[in-house]
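Data first, discussion second: the structure below is written as C-alpha cells.
The values are calculated or read from the model by the stated rules, or taken from the named source; none is laboratory data. Computed from a prediction, not measured in an experiment: that's the story for all the values here. Quick reminder, even Gly has a Cβ in these numbers, built from the backbone with ideal geometry, and neighbours come from all protein chains shown.
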C-alpha cells in the first residue's frame, strides 16, 4: 500500500487477473498506475504508486511587505504576511496550502498609513500564536476590527 494512500479491494490473497485500484489521501497526488492486476505468474502488473504531497509553491512578498513560509509550501502548511513600517496589511495575515494545491484566500496587500489618519485605540484585544519560532500578534479594536499584525521571530 502506498504511504498516504490506499487500495481496494483489500484481501490477504488475490486470484490471477484480480485487479486493485490505488488512491491517495486528500492533499496528495498519485504518481503511477491507478490499477494493477495479478498476472499469471502471481505478480502484480505494476508497482505500487507513490502518493506525493501537493505543493502550493512559494508566495512572493507583497510590495512593502514580507511573506514567511515557516514550515514550507506543501499541503497543510501556512504562509504568514507582514508589512513594512508605515504600511498596514489589507487582507488576511496568513494563507494555508489546501488539499487542492492552492493557497486559501487572496494575497494581501500592504497599504500606506497616511500621517493624517488618527486612530484612537480603545477596547483592544491582542491575539498571539506561536508556530515554529514565528510569533504572530493580531490587534483587534472596537467592533472587532483588525488594527494591525506584527510578526517576529521568537
Would you check if there is a residue in region 55-65 being out of contact with any strand residue (DSSP E or B) (no Cβ under 6 Å at 6 or more places or on another chain), exposed (fewer than 11 other Cβ atoms within 10 Å of the Cβ) and over 30 Å from residue 92 (Cβ atoms)?
no
Top-ranked residue of region 16-31 - restricted to ones that are assigned to a loop (DSSP other than H, G, I, E, B) and in contact (Cβ under 8 Å) with a residue 24 or more places away in the chain, ranked as farthest from residue 75 (Cα to Cα):
16
Identify, from the list 106, 93, the residue that is at pLDDT 70 or above and exposed (fewer than 10 other Cβ atoms within 10 Å of the Cβ).
106
Filter region 78-90 down to residues that are surrounded by fewer than 18 Cβ atoms within 10 Å (Cβ to Cβ) and either assigned to a loop (DSSP other than H, G, I, E, B) or at pLDDT 95 or above (or both), then give me how many there are.
3
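Hey, among the residues in region 7-26 that are under 14 Å from residue 50 (Cβ atoms) and at pLDDT 95 or above, which one's nearest to the chain's Cα centre (by Cα)?
If we filter region 7-26 for residues that are under 14 Å from residue 50 (Cβ atoms), which is where we start, we get 7, 22-25.
Add one more test, that the residue is at pLDDT 95 or above, and what stays is 22-25.
Numbers: 22: 24, 23: 21, 24: 17, 25: 15 Å.
Top of the filtered list is 25.
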If you scan region 85-97, which residues turn out to be free of Cβ contacts under 8 Å to residues at least 24 places away in the same chain and under 10 Å from the mean Cα position of the chain (by Cα)?
96
